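Trainee: Pasting in a structure now, in structure tokens, and then I'll have a few things to ask.
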Amino acid sequence: MTSMENFQSKFIEEAADNINDLENALLLLEDNPEDAEIIERVFRAMHSLKGGGAMFGFAMLSDFTHHMENIYDQVREGNLKVTRDLLNITLDSVDLMKKLLDKDHIGTEDTVREYNSLISSMESILKIHAGNQDQAMRESINPAISKKEQKGLSTYYIHFIPGLDIMKNGTNPLYLIDELCSQGESLVISRIQNVPGLEEFDIEKCYTGWDMFLSTAGDINAVSDVFMFVEDECTLDIHKLSDSDLFEEESFIKKTEEYRSDDSEIVINDLMEFIGQLNKERLGKQLNTAKRKATNGKDNAITSIRVSSEKIDQLMNLVSEMVITQASLSLYTENTQNLDLQPIAESVQKLTRQLRDNAFSISLIPLESMMTRFQRLVRDLSDGLDKEIKFTAIGTETELDKTIIESLSDPLMHIFRNSVDHGIELPDLREERGKKRQGEIILKAFYSGANVIIKVTDDGAGIDPQNIRQKAIDKGIITSESILNHKELLNLLFIPGFSTAKAVTDVSGRGVGMDVVKRKISSIHGEVDIDSVAGEGTDITIKLPLTLSIIDGLLVRIAKSQYVIPLSMVDKIFAVEHTKLANAYNNLVELDGEQIPFYYLREEFEEEGEAPETEEVVVVKFEGVRVGLAIDSVVGEYQAVLKPLGKFYKNQETISGATILGDGSIALVLDTNKIINHFSNHNKIKEEIK
Amino acid sequence: MEKTILIVDDSESIREVVSFTLESEGFKVLVGVDGKDALKFLDGSNIDLIITDLHMPVMNGIELIREVRKMDDYSRIPILFLTTESQTAKKMEAKEAGATGWIIKPFVPAKLIAAINKVMR
């Protein structure tokens, strides 16, 4: 790789981040169209894209971003409103920007066409806007403070007592007060103690005076200019109180309230003293935050580096090997009773554990990394279907293994599609049903033990179990006599080929149903559960392991072979006499006063030889019920580093992998869900043959 | 309601630029070429603001202001005059005569509107 290519690939990575950030900020902007901080973020991202694009040979990207910047310049100035149309164009632009980064798309006919059409859309927005601008200028001509300048606010105190005869030459003092107020935030206190009684009252005279506080971006000249026509005919005092917006200070507001209720005159010296004190306090606070920021900034500078995921995979592999080697060392030390080796083996064990935990946390990434995609998906889909949907994500800081996140994207996409397409109703219908027009989809993620739970909730139409039932009967999945409870009916959705959508739409597509979701989640050792109340909404809960490569397991022995059962599946372990198991009726054994179905693994795995007198039954959770697995004996807890089986074993279902034990022998890792499924089908077939 | 502004100036170009600006702002504009000419509009009909030059051959701005202030119908209407920065003395004289404010020449449309906004809504 030449150095230029190197720079380019770095830029592409950065730019992808920037585009992602831009997209994210734009979506936020939709809900907060006037938030200056978000607009700043939009700018920052565009700025980097424009500058970098030009430097690293992405001229089209740079040029395109320049056009976008023009648009958002007007937004920042407050001249252009963030409308849905505007956002649609910019989001399309973001999509195009992604293509402009991609070597396969740059310069293709499609890209160029899209490029030109978006540029002309943007130009037409600016043109329409230019027409409006004259009017906008007319409206804001006098205060002459554009939003851009509104950064450095100062606060002024203005004492204005017009001469008695000021109205004689056509002056209306109220216009002046108005003009002053239009320059910023203000507080006006009128002074009416000079207003005489009715007998002496002359309607052509002005008896009122005003005390005003104004925070404005203008300088003192702008303030005194207001009074330029009358300065010879009035008492006018203008004092700059502070180089900040004092209306943000509570104690200042309080002080002005005092002035307002108190008819006595404002003594400028007292006021200045008060402000001086206030400024001092504020400065102290600012200094502190500035200090804190400075130190934070320093920390931030070194907290993150970019590492290719390949390197992380390599690291994880090495750590796995290390864990295995360490297990051998511990075993050897124990067997030889070598006292010199023992402390070394122990510290290696400790370090390996720390190393393993550390390496794992590196490969964990927060769910947040895929939220933008979902937000966009929900937005675009609901737009296309004329639905109003708010998408909220809670707990997106929850971290999961990178590989899990990657495989999670598709099933989640599908769940969201379902919610938008079939779940949330059209706004009018929702209103009819007494719901808010805007539907809501909430994604909630949280830790639960060694698992992460992701829950997607919508407040849409829900699923009618009777519809499922009818459909299942139509499809021959169940018979009309079958009695199924609510949960069992909902679980039918996971059966391959089942889909309740009456019409095929381009959103949810055809043929891909919840069964695919379930299969994908299962492939990453997760579980998916659905719950729904017709008319109220649907909950889909996904339970996932934190990581795939190392599992906490229970090492068990059957004859001469050892197996690992994932600890997360294990509920309880019972010691049971062999005779009790051998004579069990219908493969049921009573444990804890409960009849539990069990599988006798010694038999199922076709192991030869005599069974021990006392055997053990490991009770595992299976689809909400408890199922026993009878084994010879439990060896103990074991950290299993999962290794894939060779390709010859790819098609079997019951074993999720193998692990190397400390003594170099191999233990198979059982996938209990699949084992139970497999045996139950197997036994049914056997019975039918009989 | 549409506001009526009377512009008085002997310079055709100034009259044109001022009336163009004001008309495009939606004001109704009346034009007088000098003080005397302007008086013909002050017949009791509605006028909301007068903008007058000070130097005019027949009846100058100061005289016009004094005349207007004597009329019952217009004694309280705002009057702006056009002047240049250097003419401080003239400014004082005009103010004393009863002018409300002034517009400094040369001006850009925004300045003109800003001055009008100070005295009329």
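The values are calculated or read from the model by the stated rules, or taken from the named source; none is laboratory data. Just so you know, these numbers come straight off a predicted model, no measurement behind them. Note that we place each Cβ from the backbone using ideal geometry, even for glycine, and neighbour counts take in every protein chain shown.
Trainee: Scan B:N46, B:N60 and give me the residue that is over 16 Å from A:N169 (Cβ atoms), of a type in the set (S, T, N, Q), in contact (Cβ under 8 Å) with a residue 24 or more places away in the chain and in contact with a Ser or Thr (Cβ under 6 Å, 6 or more places away or on another chain). Spell out how you get there, then give the answer.
Mentor: Numbers: B:N60 fails: in contact with a Ser or Thr (Cβ under 6 Å, 6 or more places away or on another chain).
Sole residue among the options that is over 16 Å from A:N169 (Cβ atoms), of a type in the set (S, T, N, Q), in contact (Cβ under 8 Å) with a residue 24 or more places away in the chain and in contact with a Ser or Thr (Cβ under 6 Å, 6 or more places away or on another chain): B:N46.
Trainee: Here is a list of conditions, (1) away from chain B (no Cβ under 13 Å); (2) touching a Gly at 6+ places or on another chain (Cβ under 9 Å); (3) of a type in the set (D, E), and A:E248 meets all of them except one; can you say which number that is?
Mentor: (2)
Trainee: On to the next question. Inside segment B:106-121, can you point out the residues that are in a helix (DSSP H, G or I), within 8 Å of another protein chain (Cβ to nearest Cβ) and without any contact (Cβ under 8 Å) to a residue 60 or more places away in the chain? Let's see the steps before the verdict.
Mentor: Taking segment B:106-121 as the starting set, the residues that turn out to be in a helix (DSSP H, G or I) are B:109-119.
Add one more test, that the residue is within 8 Å of another protein chain (Cβ to nearest Cβ), and what stays is B:110, B:113-114, B:117-119.
Matches in segment B:106-121: B:A110, B:A114, B:N117, B:K118.
Trainee: Can you pull out every residue in segment A:165-208 that is touching a helix residue (DSSP H, G or I) at 6+ places or on another chain (Cβ under 9 Å), more than 13 Å from chain B (Cβ to nearest Cβ) and closer than 26 Å to B:Y74 by Cα?
Mentor: The answer is A:T208, and nothing else.
Trainee: Within segment B:76-105, can you find the residues that are in a loop (DSSP other than H, G, I, E, B) and more than 19 Å from B:G32 (Cβ to Cβ)?
Mentor: Looking only at segment B:76-105, we keep the residues that are in a loop (DSSP other than H, G, I, E, B), and these are B:76-78, B:85-87, B:98-100.
Passing the criteria: B:R76, B:E85, B:S86, B:Q87.
Trainee: For segment A:547-630, please list each of the strands (runs of 3 or more DSSP E) lying entirely inside it that holds at least 3 residues being touching a residue at least 12 places away in the same chain (Cβ under 8 Å). Give the derivation first.
Mentor: Details: elements: A:550-558, A:561-566, A:570-577, A:588-591, A:594-600, A:614-622.
In segment A:547-630, the matching strands (runs of 3 or more DSSP E) lie at A:550-558, A:561-566, A:570-577, A:594-600, A:614-622.
Trainee: The conditions are (1) part of a loop (DSSP other than H, G, I, E, B); (2) closer than 25 Å to A:I12 by Cβ, and A:K81 fails exactly one of them. Which is it?
Mentor: Of the numbered conditions (1) part of a loop (DSSP other than H, G, I, E, B); (2) closer than 25 Å to A:I12 by Cβ, the odd one out for A:K81 is (2).
Trainee: Shifting gears a bit: Kindly indicate whether any position in segment B:45-68 is outside any strand (DSSP E or B), basic (K, R) and within 9 Å of chain A (Cβ to nearest Cβ). Please lay out each step first, then the result.
Mentor: Pass one, segment B:45-68, residues outside any strand (DSSP E or B): B:45-48, B:54-68.
Then keep just the ones that are basic (K, R); that gives B:66.
So of that shortlist, the ones also within 9 Å of chain A (Cβ to nearest Cβ) come out as none.
No, there is no match, as no residue in segment B:45-68 is outside any strand (DSSP E or B), basic (K, R) and within 9 Å of chain A (Cβ to nearest Cβ).
Trainee: Condition (residue is away from every other protein chain (no Cβ under 14 Å), assigned to a strand (DSSP E or B), crowded, with 19+ Cβ neighbours inside 10 Å and small (G, A, S)) applied to segment A:236-244: is it met by at least one residue? Before the answer, list the steps.
Mentor: Narrowing segment A:236-244 to residues away from every other protein chain (no Cβ under 14 Å): A:236-244.
Next cut, assigned to a strand (DSSP E or B) only: A:236-242.
Then drop every residue that is not crowded, with 19+ Cβ neighbours inside 10 Å, which leaves A:241-242.
Cutting the leftovers down to small (G, A, S) gives us A:242.
Among the residues of segment A:236-244, at least one is away from every other protein chain (no Cβ under 14 Å), assigned to a strand (DSSP E or B), crowded, with 19+ Cβ neighbours inside 10 Å and small (G, A, S), which makes the answer yes.
Trainee: Taking segment B:37-76 only, how many residues are under 21 Å from B:R121 (Cβ atoms) and among the aromatic types (F, W, Y)?
Mentor: Adding up the residues that qualify gives 1.
Trainee: Additional query: Give the residue that is modelled with the lowest pLDDT, with candidates limited to residues of segment B:47-59 that are buried (at least 18 other Cβ atoms within 10 Å of the Cβ) and closer than 18 Å to B:I103 by Cα.
Mentor: This residue is B:M56.
Trainee: May I ask you to list the residues in segment A:415-469 that are among the hydrophobic types (A, V, I, L, M, F, W, C) and either closer than 30 Å to A:P566 by Cβ or outside the structural domain of A:M370 (by TED's automatic domain parsing) (or both)?
Mentor: We begin by selecting, within segment A:415-469, every residue among the hydrophobic types (A, V, I, L, M, F, W, C); these are A:415-416, A:420, A:424, A:426, A:429, A:441-443, A:445-446, A:450, A:452-454, A:456, A:461, A:463, A:468.
Scanning segment A:415-469 gives A:I415, A:F416, A:I442, A:L443, A:A445, A:F446, A:A450, A:V452, A:I453, A:I454, A:V456.
Trainee: Ok, one more. Restricted to segment B:77-93, and to residues that are buried (at least 17 other Cβ atoms within 10 Å of the Cβ) and at the interface with another protein chain (Cβ under 10 Å from one of its Cβ atoms), which residue is nearest to B:G44 (Cα to Cα)?
Mentor: The selected residue is B:I77.
Trainee: Checking A:F648 against (1) hydrophobic (A, V, I, L, M, F, W, C); (2) more than 38 Å from the chain's Cα centre (by Cα); (3) part of a helix (DSSP H, G or I); (4) at pLDDT 80 or above, which test does it fail?
Mentor: Failing condition for A:F648: (4).
Trainee: Take B:M120 and tell me if it is loosely packed, with under 15 Cβ neighbours inside 10 Å, out of contact with any Gly (no Cβ under 8 Å at 6 or more places or on another chain) and among the aliphatic types (A, V, I, L, M). Walk me through it before giving the result.
Mentor: Numbers: loosely packed, with under 15 Cβ neighbours inside 10 Å: no; out of contact with any Gly (no Cβ under 8 Å at 6 or more places or on another chain): yes; among the aliphatic types (A, V, I, L, M): yes.
For B:M120, the condition - loosely packed, with under 15 Cβ neighbours inside 10 Å, out of contact with any Gly (no Cβ under 8 Å at 6 or more places or on another chain) and among the aliphatic types (A, V, I, L, M) - is not met.
Trainee: Within the bounds of segment A:592-608, is there any residue that is modelled with pLDDT under 85, among the aliphatic types (A, V, I, L, M) and within 30 Å of A:D531 (Cβ to Cβ)?
Mentor: no
Trainee: Same structure again: Filter segment B:18-46 down to residues that are surrounded by fewer than 16 Cβ atoms within 10 Å (Cβ to Cβ) and over 20 Å from B:S75 (Cα atoms), then give me how many there are.
Mentor: 5
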